[in-house]
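I have placed the structure first, in the form of structure tokens, so that the comments after it can refer back to it.
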Amino acid sequence: MLAVTRLAKRYGNRTIFDNLQLTLQRGEYVAITGESGIGKSTLLNLLAGLDVPDAGNILLNGQDLAALDDAARTRLRRVHMGFVFQAFHVLPHLTLADNVALPLLLLKVAAGERMQRARAMLDAVGLGARGGSFPRELSGGELQRVAVARALIHRPRLVLADEPTGNLDPERAADILALLRDAVARADAIGILVTHSDVAARTTQRVLRLAPGGLHDVTA
Amino acid sequence: MRRRAFLQRALCVAAGVGIRPHGAQSAGIAYAPVVAGTTLQFPRDHGAHPQHRIEWWYLTGWLDRGSTAAAPRCGFQVTFFRVRTPLADGSSRFTPTQLLFAHAAVSDPRVGRILHDERAARSGFGLAQAAIGDTDAHIRDWRLRREPSGAYRATIQARDFALQLDAVPTQTLLLQGREGFSRKGPLQEHASYYYSVPQLRVSGAIIVRGRREAVGGSAWLDHEWSSALMPPQAAGWDWLGLNLDDGGAIMAFRMRSADAAAPAVWSDARIRHANGQFAQPDRSALAFTPERHWTSPRGARYPVQTRIALGTQTLHLRPLFDAQELTSQSMGAAYWEGAVTAYSGDGPGATRLGRGYWELTGYGKPQRL
Amino acid sequence: MIAPLAAQLDALALAPLRARARRSILAVLAIAAGVALGLAVNLVNDAALTEMQQALRTVSGTADLRIEGASRTIDEALYGQMGQWREVEAIAPVIELNAALARRQEPLKIMGIDPLASARLTPQLMLPRDAQGSNPLSLLDGTRVAVSPALQAWLQQHRPPATMLTLSLPGGNRDLHIAGVLSGIEGSRQLAVIDIAAAQELFGLQGQLTRLDLRLAPGTDRAALLRALAVQLPPGVRAVAPEVHEQQAANLSRAYRVNLTMLAMIALFSGSLLVFSTQMLSVAERAAELAFLRVIGVTARGSVGLMLFEAVLLGTAGAVLGAVLGYALAWSALHVIGGDLGAGYFEGTRPVLTFAPRATLLFMLLGAGAAIIGAWVPALAAARAAPAQALKTGTLHDGAGTGPPPLIGAALLLGGALLAFAPAVRGIPVLGYLSIASLLIGTILLTPAMVAALFRMGAACASLRPGTPATLQLAITRLANVPAQAGISLAAVLAAAALAVAMAIMVVSFRNSVENWLEQMLPAPYYLRQTSALSTRTPGHFDARVQAVIRGTPGVTRAEFVRTETLTLDPARPAVALIIRTSTAADDAGTRLPLVKQYPATADGLPRVWISESFADLYRSRIAPSTGDGGTFELPLPLNPNGLAVQRVRVAGVWRDYARQHGAIVIRGADFARLTGDARLQEAALWLGDNATAAAVLRGLKTRLPDLPALEITETTAVRARSLGIFDRTFTVTYALEAVAVVIGLAGMAAAFMGLIVARKKEFGMLRHLGLTQRELRRMVTLEGAALAALGALLGMVLGVMLAAVLVYVINPQSFGWSMDFHIPVLQLAIFAAALIVAATASSWLTARHVLDTQDLVRAVREDW
């Protein structure tokens, strides 16, 4: 369970948000939308433990991110979180399988198991035959599939996707969104999709809009 | 007598201040004295006298270039000096006991300034020598030699010119002073052996700036040797050797005092008429009066035009042109040695008496060359 | 028009350079270092040569021709004979020698001249007239001496009030009055001039001259005259044009200059590599920027131009800076080390640095050229990048791909190896240097392939081994898969390490060989010689009687004698040394030499000689070959006091000689005495009994030889130490050059590495997201750096050994005519490699910390490019 209470963050004099509340259960898949500059990225960084709030708590599985040091937050992220980025960020010098297995490598999973699970994951995203390929041989949509596989291979509790379709055409975008939704569901994780796109937002169970006052449920 | 400011310097330099005996072989040497009453013997005394400290052979004269009226006459000078240093013979054949210097000059009005060159060497190795027995001095291919016939032959290959001249005597030689004993100062020891051969008939060729021309003319030869020449109070001398148009010859000199205002330290003259009779003007009647000076580029002020009173006769000397100063690298001295014409007066109606050479030494400051 | 253009320039070229200031500065510095080194070496050498030529002109003046002895003095009668030649306008006899001064170690050059004859040929040796009455003729009295300003200064410092010059002569000291200073002799040349008669008498050279200086009459055909003289001069006497001596001086140091210039060129090559890596990374970093420029209408050619223009800016800055540094370096080198850069070719001169526009321009152009060459490939890469693909942010930049095809590198390596077997071109091992260049470039081109192979293997091992830290695995995997980038950052450090290792091996090999050679050349513990007034380099002679006395002196268990003469076999070359050695056993003279070749004895009765390697090399054409032995040649043996006897001799062996670069011949004392009737020798090698001391033996010798007062015993260890000291001094400069090259290499690697890390910040941001701590990231980056450095050091070592082999077996024999034993200083190289890796690791760590902690990695992840 993810429970965010009375979260506050300001940069200098500028208050990004003050007293933000959010509670999500396993299996929930929500979208967060909002205007540019409203603080979506800041919220994402706080949820990922890459930044610390000025006040409030972020409880993931009962652990308060705000109370942990950077190393502990990093370990928490390594074990419990998965990420999908707009720019894919697939390492060019690793094979697809290695890219997908990267979280397992960091978790010191043995090589054999790593490869087995990576192949399974690639299968699941429809790239089962291409584990040995390098990213330069793939299209953008395919790369994002790899990224999705990487985000979920270590069975995280929380999957954070930041505009995962920003660089894709609508057709591929729809593909990826469906893939992501299904994957989050299959993993029984909490999924948060940060996006500008209403189309994308509509693929989630619930749409939350970030505004100066806080998060508002705007699910149509 | 003869010569010359630069010689005077050469003597100082080579025989006096400059050369001291080798430490190892000091001993010094005794120079032969000049003794009054000595009878000169020829041809032996045409040759070198290595026991004397200094010696020179001086051939000067006027040359005309054949029938070409357009070509003006020019003057020439060929001189060989011998200096006996105070050094005793050493184990090295290079030990500089005898030094030889040679100067040659041509005064060509078409050039407008004197052309001159010099050679210097220590005697030896067959490259430089002043022979005993008869006149034969050479430094490499520069040579002045008296042939068995009595004619002098001068061969000079200089930087800007060349001379190949034969000078044949037409008269007997002229013993200067008292039978060749020529006093140079108030004291008896300042004297030289000195004779001249005036009225030499010259034939041969000169090359000036690459152009070879056959020449004729008249010349004067001096041969003088001594061991003690200059009275210490003398600053330099003025000397004249003149071949008179009528066949006579005049030699006159004065030793100037270092004090320009003071009278000459010594002066003397000797006149031989065409008929062979001598005239010896009284020394008190001799007067040298500068009429015009010329200042050389080096700053020496020479009385290039001078009136010489010889008692019964007065000579008005006019230079061929003014720029007849010679500078000697090897001796570090400058002097004026120029072709002059002597006239009976200084007006336009004056008669020419003869041609000769006028030498002015000791006028400049010691030269730094 | 100017303002917009300037703005455009600023936006397109200067701003990017500024943004990568650190790397740009390093590239500029590397170029500057190469330019500075090359320029400095040439300036110093030119200054030294000019000084040498001036010195030669001081003593030979404006002579058109010299007549001199091939091995010794000439008969003074030649003066008279030559003076008669019509072609000779002026002639001057000269005695030139090195004399010993009382209480002074270094010899002094003394010129004995005839001031009357030399006035026209060497006016600068004429004493000026001064107020004290000195004039050119003052020297004639034989008690006076004219001194050069430098000697006057020395005397004022060491022998105040400097009115006397005291010569040390066999008969005792002799004072000469200083008559004046030869103000026409410029510079640091110490020289004294005396009259030639005094020179003959003081030094016992009656009847002899060192040479005649001749001025020829205008219009003389000098070549024809030289031919005529060659026939007419007596044996052992030759006529030479003074330029020959200047040419010899130039040739002497040419090989040395070429060697040092090559080092500078390698530094410049490192600079070029740095520009390459700078621009290559720049292309990678600015892919989007360049793509954007392309999109808004800059043509492909335009973007090439832009990149090249940036390189020109870097190169020009480096060239200007390098030129300034070069002059500064040359100036300090001349003041601190001397004109030969420590090599000892120009002893006794103090050269003056002058502005050399041509050399300056040449090296500046080389610097700018190096930058342009370095930028060429990156510029083309920039142009090739398709704008659309570059704009699409599908992948993180993938560097330079897999790099050049390894075939080219392999071909260059092979070509380099083959070139090493090519002979020298006009005395300079041009092809040897080409071989070095090929090996270097070939290795660098092969680096990506090697990196890939090596780290792929490493990656396989790492992934198979459980428990390998993720950071290490990531580091290795990355290196294995991005070899070209690794190659770029490696190239500079590899080149520098290879250069340093090659030079180190060469120098150590050389030094070891010299040490062994000294052992063999100076086997006895003591050496006895008679210091001579004539020259401290030419000791006085020991005749047969003295030799017997020395052998019979108590305490002496064994004595052998040596004498050295100089011989001119070829007027165009410097004289060779003729070493006359006694021997006890029948054929002993050769066996005690450091022989590299030995031929069996033949029964033809010809005297046997042992020639040095350089002699064998230089005079190969004179030696008539015969099968199974070393061949024969005609040797002109010097007769006493002058003249030559030509004798055919047989080569019995070839020996190694580091002392006489122009060749040396060893002949047995008995043979020499038989052929010339001259049994005199110079130096005695002494072995003393157990109880004898050198001092006691010397006392005994002096009592027994009262006519030889100037005997002196030298301990061999001191000689060896001094020789090695000179050797070490010679190579000081090469060490300095190596250090500079290594520092540039390391800095280059750090710069390239930093660029790579900055370029990879998105990757690091992503890894932070994925759960890598900052420390782990740092460790990963440092590991990458260390692995690269280790590989660079390793490859540098391997390449260095190859280059060293070329230096030792090709360059040195071809440049100097001597061989040496290959010797790898394993321990030093290991320490050097370790230090290199530690330094590189430390710099990677610092770089990693600096970049990772200052860059906003998290935000980088969201950047579109």
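The values are calculated or read from the model by the stated rules, or taken from the named source; none is laboratory data. Remember, predicted model here, so these are calculated numbers, not experimental data. Ideal geometry is used to build each Cβ from the backbone, glycine not excepted, and the neighbour counts take in all protein chains shown.
Do you know which residues across region A:44-66 are touching a strand residue (DSSP E or B) at 6+ places or on another chain (Cβ under 8 Å), without any contact (Cβ under 8 Å) to a residue 60 or more places away in the chain and either assigned to a strand (DSSP E or B) or more than 10 Å from every other protein chain (Cβ to nearest Cβ) (or both)? The answer is A:LEU46, A:PRO53, A:ASP54, A:ALA55, A:GLY56, A:ASN57, A:ILE58, A:LEU59, A:ASP64, A:LEU65, A:ALA66. Residue check: C:VAL861 meets all listed conditions (1) in contact with a His (Cβ under 9 Å, 6 or more places away or on another chain); (2) outside any helix (DSSP H, G or I) but one, namely (2).
Quick grid of which residues meet (1) at pLDDT below 70; (2) within 30 Å of A:PRO164 (Cβ to Cβ):
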residue: C:GLY342; (1), (2): yes, no
residue: C:TYR345; (1), (2): yes, no
residue: C:THR349; (1), (2): yes, no
residue: C:ALA356; (1), (2): no, no
residue: C:THR360; (1), (2): no, no
residue: C:GLY367; (1), (2): no, no
residue: C:ALA379; (1), (2): no, no
residue: C:PRO387; (1), (2): yes, yes
residue: C:GLY403; (1), (2): yes, no
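When the residues of region A:127-142 are narrowed to those that are assigned to a helix (DSSP H, G or I) and in contact with a Ser or Thr (Cβ under 7 Å, 6 or more places away or on another chain), which ends up farthest from A:ARG181 (Cα to Cα)? So that I can check it myself, show each step before the final result.
In the first step, residues of region A:127-142 are kept if they are assigned to a helix (DSSP H, G or I); the result is A:128-130, A:135-137, A:140-142.
With the extra rule that they be in contact with a Ser or Thr (Cβ under 7 Å, 6 or more places away or on another chain), the set shrinks to A:135-136.
On the way: A:PRO135: 23, A:ARG136: 26 Å.
Ranking the qualifying residues of region A:127-142, first place goes to A:ARG136.
Restricting attention to region C:90-115, the residues that are within 9 Å of another protein chain (Cβ to nearest Cβ) and touching a Lys or Arg at 6+ places or on another chain (Cβ under 9 Å) total 4.
Table: residues versus (1) at pLDDT 85 or above; (2) closer than 17 Å to C:ILE476 by Cα.
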{"residue": "C:GLY745", "(1), (2)": "no, no"}
{"residue": "C:GLY748", "(1), (2)": "no, no"}
{"residue": "C:ALA751", "(1), (2)": "no, no"}
{"residue": "C:ILE757", "(1), (2)": "no, yes"}
{"residue": "C:LEU767", "(1), (2)": "yes, yes"}
{"residue": "C:ARG778", "(1), (2)": "yes, yes"}
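Taking the numbered list (1) surrounded by fewer than 19 Cβ atoms within 10 Å (Cβ to Cβ); (2) under 23 Å from B:ASP246 (Cα atoms); (3) touching a residue at least 24 places away in the same chain (Cβ under 8 Å); (4) not acidic (Asp, Glu) in turn, B:ALA323 passes all entries but (2).
Just to be sure I understand the filter: pairs with C-beta atoms under 8 Å, separated by 6 or more residues or on different chains, first member in region A:131-146 and at the interface with chain C (Cβ under 10 Å from one of its Cβ atoms) and among the polar types (S, T, N, Q), second member surrounded by fewer than 19 Cβ atoms within 10 Å (Cβ to Cβ) and not in a loop (DSSP other than H, G, I, E, B). Which pairs pass? Correct list of pairs: A:SER139/A:ARG172; A:GLN144/A:ARG172.
Report yes if A:GLN86 is polar (S, T, N, Q), surrounded by 20 or more Cβ atoms within 10 Å (Cβ to Cβ) and touching a residue at least 12 places away in the same chain (Cβ under 8 Å), otherwise no. For A:GLN86, the condition - polar (S, T, N, Q), surrounded by 20 or more Cβ atoms within 10 Å (Cβ to Cβ) and touching a residue at least 12 places away in the same chain (Cβ under 8 Å) - is met.
Condition check: outside any strand (DSSP E or B) and among the charged types (D, E, K, R). Does B:GLU213 satisfy that?
Numbers: outside any strand (DSSP E or B): no; among the charged types (D, E, K, R): yes.
No; evaluated as a whole, the condition is false for this residue.
Close contacts from region B:147-160, counting a first residue that is at positive phi and a second that is among the aromatic types (Phe, Trp, Tyr) and crowded, with 17+ Cβ neighbours inside 10 Å, with Cβ to Cβ under 8 Å and a gap of 6+ residues or different chains, come to none at all.
All conditions but one from (1) buried (at least 17 other Cβ atoms within 10 Å of the Cβ); (2) modelled with pLDDT of 85 or more; (3) not in a helix (DSSP H, G or I) apply to C:HIS397; the one that does not is (2).
Inside region C:72-88, can you point out the residues that are more than 9 Å from every other protein chain (Cβ to nearest Cβ) and either surrounded by fewer than 23 Cβ atoms within 10 Å (Cβ to Cβ) or not in a strand (DSSP E or B) (or both)? Break it down stepwise before answering.
Narrowing region C:72-88 to residues more than 9 Å from every other protein chain (Cβ to nearest Cβ): C:72-75, C:78, C:82, C:85, C:87.
Within region C:72-88, C:ARG72, C:THR73, C:ASP75, C:LEU78, C:MET82, C:TRP85, C:GLU87 meet the criteria.
In region C:429-449, the condition of being assigned to a helix (DSSP H, G or I) and within 14 Å of chain A (Cβ to nearest Cβ) is met by at least one residue. Has region B:105-119 got any residue that is surrounded by fewer than 21 Cβ atoms within 10 Å (Cβ to Cβ), under 21 Å from C:PRO115 (Cβ atoms) and either polar (S, T, N, Q) or within 13 Å of chain C (Cβ to nearest Cβ) (or both)? Scanning region B:105-119 turns up at least one residue that is surrounded by fewer than 21 Cβ atoms within 10 Å (Cβ to Cβ), under 21 Å from C:PRO115 (Cβ atoms) and either polar (S, T, N, Q) or within 13 Å of chain C (Cβ to nearest Cβ) (or both). What is the one condition in (1) in a strand (DSSP E or B); (2) touching a helix residue (DSSP H, G or I) at 6+ places or on another chain (Cβ under 6 Å) that B:PHE94 does not satisfy? Checking B:PHE94 against (1) in a strand (DSSP E or B); (2) touching a helix residue (DSSP H, G or I) at 6+ places or on another chain (Cβ under 6 Å), the one that fails is (1). Regarding A:ALA185, is this residue under 16 Å from the mean Cα position of the chain (by Cα) and part of a strand (DSSP E or B)? When the stated conditions are applied, A:ALA185 does not pass them. Just one of the listed residues (B:ALA15, B:ALA30) is at pLDDT below 90, surrounded by fewer than 22 Cβ atoms within 10 Å (Cβ to Cβ) and within 14 Å of another protein chain (Cβ to nearest Cβ), and it is B:ALA15.
Among the residues of this structure, C:PHE822 counts as one that is among the hydrophobic types (A, V, I, L, M, F, W, C), in contact (Cβ under 8 Å) with a residue 12 or more places away in the chain and not in a helix (DSSP H, G or I). Among the residues making up region B:344-369, those that are surrounded by fewer than 20 Cβ atoms within 10 Å (Cβ to Cβ) and either within 20 Å of B:LEU240 (Cβ to Cβ) or free of Cβ contacts under 8 Å to residues at least 12 places away in the same chain (or both) are B:SER344, B:GLY345, B:ASP346, B:GLY347, B:PRO348, B:GLY349, B:ALA350, B:THR351, B:ARG352.
Of the numbered criteria (1) touching a residue at least 60 places away in the same chain (Cβ under 8 Å); (2) closer than 22 Å to B:TRP266 by Cβ, the one B:GLY332 fails is (2).
In region C:270-317, of all residues being among the charged types (D, E, K, R) and in a helix (DSSP H, G or I), the one that is modelled with the lowest pLDDT corresponds to C:GLU285. When C:ALA484 is tested against (1) more than 14 Å from chain A (Cβ to nearest Cβ); (2) surrounded by fewer than 23 Cβ atoms within 10 Å (Cβ to Cβ), only condition (1) is not met. Hey, does region B:132-140 have a residue that's under 16 Å from the mean Cα position of the chain (by Cα), away from chain C (no Cβ under 12 Å) and assigned to a loop (DSSP other than H, G, I, E, B)? The answer is yes, given that some residue of region B:132-140 is under 16 Å from the mean Cα position of the chain (by Cα), away from chain C (no Cβ under 12 Å) and assigned to a loop (DSSP other than H, G, I, E, B). Does B:PRO290 satisfy being under 21 Å from the mean Cα position of the chain (by Cα), at pLDDT 90 or above, part of a strand (DSSP E or B) and surrounded by fewer than 19 Cβ atoms within 10 Å (Cβ to Cβ)? So B:PRO290 passes the test.
Residues of region B:241-263 that are more than 19 Å from B:HIS316 (Cβ to Cβ) and among the hydrophobic types (A, V, I, L, M, F, W, C): B:MET255, B:ALA258, B:ALA260, B:ALA261, B:ALA262. Going through region C:120-145 one residue at a time, which ones are touching a strand residue (DSSP E or B) at 6+ places or on another chain (Cβ under 8 Å), facing another protein chain (nearest Cβ under 8 Å) and surrounded by fewer than 21 Cβ atoms within 10 Å (Cβ to Cβ)? Selection gives C:PRO128 alone.
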